[in-house]
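The structure under discussion appears below in the form of structure tokens.
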Amino acid sequence: MSADDNRPTDDTQPSGSAPQGGDPPLPTRRTPEVPPKKRRSFAFHISRAMAWLIGGVLALIVAAVLTFWWYSTTEDFQRRVGREIVSVLGDATGGRVEVSGVKFSLWHLAIEVDGLVIHGLEGPGEAPYLSADKVMVRVKITSFFAHTTGTGLASHVGLNLLRVEHPQVHLIVDKDGKTNQPVPKHPSKSTEPLQDTLLDLRANQAELVNGVALLNDRAIPFDMAARDLNTEVRYLGATDRYGIAVDVNDLRTRMDKQPEAQSELHLEVELGRDVAKLTKLELESGKASVLHASGSLQHFAQPDWQITANGTLELKQVTVLTGTEGLTGGTAELAINGHSCAVSPTVAQTHPRFWQRQRPATPAKPGILPLPPDSECKAGYLLVGSAKLHGAGYENENVRLHDIDGGAQLHITPSELLLTALSGYLPGGGYADGELRITNWLGESSAVAAKTATAVAAVNTANKTATSMRSKATVHMPATPPPIYSHAYLVATVNAIPVRTIMEVTEMKGYGDLGFDTAITGPVKVEWGGPATSIADTVQVDGDLQFKPTGVHRKGVLNNVPMTGEALAHYDGKREVVNIQHVILLTPQSSTEVSGVLGVNEGDPLTDLKADMTIRDLGEFDQLLQTLGFEAKGKKGTAAVPVVLHGAAVFHGTVTGRAADLDWKGHFEGS
């Protein structure tokens with residue numbers, strides 16, 4: 001081995017470089033230095049195990065969710081959900097529930113129910129209590145970290161969408177107040193009001209599409225069918241209220257024996273926990289009836305409300321809608337504002353009217369208490385407004401009015417109905433104005449209404465509905481007040497109203513003309529009150545009237561004799577007689593002065609008059625005698641009188657008995 005072999009190697013020489021004078025060396029590979037291996041901590045192994053565990057759990061959850069999602073699409077799951085829906089609805093409503101199909105979507109948190117039917121207590125063959133072609137429910141999960149008013153899972157679940165297609169509700173009210181509404185199997189013991197239960201759902205949108213509501217009230221009787229019914233409900237988060245819009249494009253009602261009425265209704269309401277606001281109500285009925293209204297209600301426990309209504313109503317359509325008999329034609333324009341008051345009617349009656357404070361109070365009739373002034377609302381509620389009549393007609397067995405124009409100012413409280421500036425213009429000429437006051441105008445009717453079968457059914461229906469929705473029943477039957485009979489006072493002045501017009505509207509057909517041309521002017525006072533069954537017996541009328549010819553010739557009459565005179569008399573409804581202090585009537589060929597008792601209707605036989613008459617021409621009385629049915633030996637009117645006057649006939653005596661068979665007694669002179 002040479003000396004060069006023992007020479008140390010220069011590590012700084014580049015690898016592969018050839019030394020001088022020799023062959024190039026073989027390349028050499030340098031072994032890298034390996035750092036010492038670090039030992040992993042125990043925490044690292046724990047974290048890694050936890051990550052695998054959490055990942056595994058999440059994978060299992062995802063797998064379970066996917067499995068459940070797949071299973072939720074199977075027919076077996078749909079059947080199970082359908083059976084559960086039938087069970088829940090059956091317990092909540094108490095009715096027999098049928099469902100034709102169910103679809104559940106886990107992805108949308110939605111359920112679709114097809115062919116829902118809830119049978120109530122109706123008889124076989126009758127329409128069920130409730131049915132719907134399709135019901136879609138979509139819920140929402142709110143944040144579990146958000147503040148909620150409730151507790152538990154329910155406070156984090158809301159209603160995103162409720163859509164009911166072609167719902168049909170059929171409610172039957174029997175004569176005893178019972179309905180076909182089923183009774184919940186497990187009544188709710190909740191103390192939460194229904195409106196709070198609904199608002200806690202925070203339903204974004206609820207729709208009723210093409211619905212039908214049928215009401216058969218056999219107690220009235222009354223039938224109602226609301227078809228093409230559409231309802232939309234939206235939750236208004238800013239005010240914590242529901243905004244509700246209802247459209248009924250085909251509302252048909254039938255009251256008792258009246259013909260069917262067809263109407264349209266549009267309603268917009270906001271419902272809160274302790275407030276309700278009617279933002280718009282529009283009702284169109286018949287050919288020209290339109291009613292607009294709005295209002296609000298606060299504090300359900302102690303209601304504080306106000307309302308505004310106006311519109312035009314066909315009076316004949318009012319009869320069709322409400323069953324009010326007698327309205328035959330014409331229209332009424334209404335404008336009414338009302339609001340509730342703070343104290344009870346009893347306290348209110350201690351306040352005098354504002355005009356009575358400036359002068360000594362006049363004694364009131366027994367049992368009649370003064371009412372509060374208009375500017376103070378002290379009697380439960382106050383309604384004020386106006387009404388105008390155009391071509392109005394009313395007819396019953398005693399009265400036949402037609403083509404009446406008029407109006408009045410309204411002032412209504414629970415204890416008084418007051419019509420001021422009352423006026424009426426008759427088609428035959430003349431008019432009347434005055435004031436009508438009815439005290440305790442709701443007394444007897446409110447006592448009857450409080451215990452009707454319809455009122456009982458309304459309370460039971462509302463409470464059963466609240467109970468089925470797990471809310472407390474808050475509606476109660478009103479206390480039945482003792483019967484308080486109404487009393488009415490009419491003070492009027494008649495102005496040039498023809499006697500022919502009065503006879504036409506108050507007597508039987510065919511008795512409208514007595515052959516005299518005269519009209520009456522003067523004050524009239526009318527008073528009545530008491531039980532409705534005998535109200536006619538309480539009528540008292542006082543009149544102090546003047547007679548004056550109208551100068552209008554009436555076509556088709558036998559006589560048109562001008563008449564002047566005066567009358568002071570009192571009518572007693574119980575005996576149906578007119579107590580005449582004196583009547584003086586003058587025509588061109590006669591003079592008559594009468595006092596005593598004149599019987600009318602059932603009191604006809606009680607006629608007992610003292611008469612002084614001078615007649616120079618019997619022909620003036622031809623129409624009168626024919627109208628009264630006077631005839632003899634086949635002749636009528638003056639032709640049946642076996643006397644021919646060439647001068648004058650004077651009678652001093654009495655006239656008694658029925659009008660068709662008067663008994664004349666006294667002294668008679670004729671020439």
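Can you tell me the length gained on complete extension of the stretch residue 87 to residue 339, counting 0.36 nm per residue apart and subtracting the Cα distance?
Between residue 87 and residue 339, full extension yields an extra 86.1 nm.
Please give the length that would be gained between residue 288 and residue 645 if that part of the chain were fully extended, namely 0.36 nm times their separation in residues minus their C-alpha to C-alpha distance (nm, one decimal).
Extra length available between residue 288 and residue 645 comes to 122.6 nm.
Taking a cut-off of 20 Å, what percent of all Cα-Cα pairs in region 208-292 are separated by more than that?
46
I'd like the Karplus ³J(HN,Hα) series for region 100-112: coefficients 6.51, -1.76, 1.60, θ = phi - 60°, whole numbers in Hz, and an x wherever there's a Gly or Pro.
Listing the rounded values in order: 8, x, 9, 10, 10, 10, 5, 4, 9, 6, 10, 10, 10 Hz.
For region 263-272, what does the Karplus curve 6.51 cos²θ - 1.76 cosθ + 1.60, with θ = phi - 60°, yield as ³J(HN,Hα) per residue in whole Hz, taken in order and with x for Gly and Pro?
Here the 3J(HN,Hα) series is 9, 10, 9, 10, 9, 10, 9, 10, 10, x Hz.
When the convex hull of the C-alpha atoms of region 544-671 is computed, what volume per residue in Å³ does it have?
Considering the Cα atoms of region 544-671, their hull volume per residue is 119 Å³.
With every protein chain left in place, what is the accessible area of residue 554 in Å² (1.4 Å probe, nearest 10)?
Answer for residue 554: close to 80 Å² accessible.
Rounded to the nearest 10 Å², what accessible area does residue 165 have for a 1.4 Å probe in the complete protein model?
The value for residue 165 is about 60 Å².
From largest accessible area down, sort 133, 612, 661; use a 1.4 Å probe on the protein chains.
If we order 133, 612, 661 from most to least accessible, we get 661, 133, 612.
So how much accessible area does residue 264 have, in Å² to the nearest 10, using a 1.4 Å probe?
Here the residue's solvent-accessible area equals roughly 90 Å².
What percentage of the solvent-accessible surface of region 213-291, computed with a 1.4 Å probe over protein heavy atoms, is contributed by carbon and sulfur atoms?
In region 213-291, the share of accessible area belonging to carbon and sulfur is 52 percent.
The values are calculated or read from the model by the stated rules, or taken from the named source; none is laboratory data. As the structure is a prediction and not an experimental result, all values here were calculated from the model. The accessibility values were calculated without ligands, DNA or RNA, using every heavy atom of the protein model including side chains. Shrake-Rupley method; radii C 1.70, N 1.55, O 1.52, S 1.80 Å.
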